[in-house]
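None of the figures in this text is laboratory data; all of them are computed from the coordinates on show. Everything numeric in this text was worked out from a predicted model, so none of it was measured. Here the Cβ is made from the backbone with ideal geometry for all residues, glycine too, and neighbour counts use every protein chain on show.
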Amino acid sequence: MYDLRKMLSGLRYSAARGETGPVRELLVTGRAFAAMALSSAIFMILLGLAAMLYQHSSAVPSVSMRGFAASVSSGLFGNMLEMEMPAFASSLPSDSLTGKEISVFLMRSLTDINPANPGSLLASELPGMPQSDAFLIRKGIGTDTAVGPQDHSPIFEPAPEPKTPSGSNGEDDGSGNETDQPDGNGGEDVGSTDPKPDGGQPAEGKKLAFIYHSHNRESWYPELEPGTKDPSSSTTNITLVGKRLATKLEEHGIGSVLSETDYPTAIQDYRWELSYKYSMKTVKEALAASNDLTYFFDLHRDSQKRKYTTVDIGGKSYAQVYFIIGHRNPNWKENEAFATKIHDALEKEYPGISRGIWGKTAATGNAEYNQSLASESVLIEVGGVDNTLEESYRTADALAEVIASIHWKERQAEEASGKEVKQ
């Protein structure tokens, strides 16, 4: 030990005198190596963080911009361009942000509190309270940007006995057998009926559309017995709207398959929060059974009140729709593009029927909704808890009309260009 101390003391003395030697060279080399290793580690950490930030920003819109672009008019952006490009001057009147738009935007950006929904003040602190985690991507005519879709879990009280569905006596009933109740088939997929197509567009046997329901028991208060607290039913529910959509698509020449799976009875130890796991299996089985399936529609009933889910068009009331895009899907922009086609077509033919396209992240929900399985897959909320089956049927008819129109126009374009057509 004494010899080691003596040697180290000698090395320090030599270094102090500026003497060179193998030991000094070793120390210099060691310092250089340590500096290089530290620099490389810092560089790799920064590179990894940059990659993570890029991936996140490419999949999820900036928090500060969620809903902002959709909440203001296109004229505002035109005015902004005009300030820098005089040649862009427009004869249209100038647009400006209203005080309400500014205050709502700032409040939601800074606090995540929705001024139109006081419950959002407590939503992040109280477990079980619904959170308005959706943000507007593309608004419809008259969309209130402060009011988005809501998804409430069922209470699971004993299922009430339904009244006779209003659609069975409605003037817009259609074929007359559309109100037949689903039979709770334990998970079997049911092919749609095969009516004669109209408009000269023949259904050629291929099934292109797949319609299913992740929350298949969602119902409506007006269709259930008075005093019902839980708008859910094993018989009168959203699957009737899916059946209507499938039938109308067939009439327009779009072969359709409908899944009426009743997950609470088909799945042992069923858990509502795993609904999209169960429905994903349904979609995968459908894809495995048919290579022709192109369009996938997960139909739901929203939990908003009537004033936010109903519109009068031509003297008739329609259930309004929300299009939901899950941003957990890395290719969500493709699904949004598909939803935009339907949204734009609906707004053209039925102004006000769409409440816009809304995005959801994985912060408080599934945020994938099986949309990674197909680019032309979308979740559609048809009406709310206070709508009627008849109003929902009218909306299903409108959806079938515009979806078929989009399909046939794209097919004609593909045929004209010599590309392989879908059907």
Per-pair calculated FRET efficiency, R0 = 41 Å: Ala34 and Glu415 via Cβ, rounded to 0.05: 0.05
The range 292-334 shape via C-alpha gyration tensor axes, a/c threshold 1.5: prolate
Computed E for Trp272/Thr340 - FRET, C-beta separation, R0 35 angstrom, nearest 0.05: 0.70
Principal axis box of the range 332-418, alpha-carbon based, largest edge first, Å: 45, 33, 18
Pairs beyond 25 Å (Cα-Cα), from Lys305/Lys333; Lys206/Lys409; Lys277/Lys409; Lys139/Lys305; Lys243/Lys316: Lys305/Lys333; Lys277/Lys409
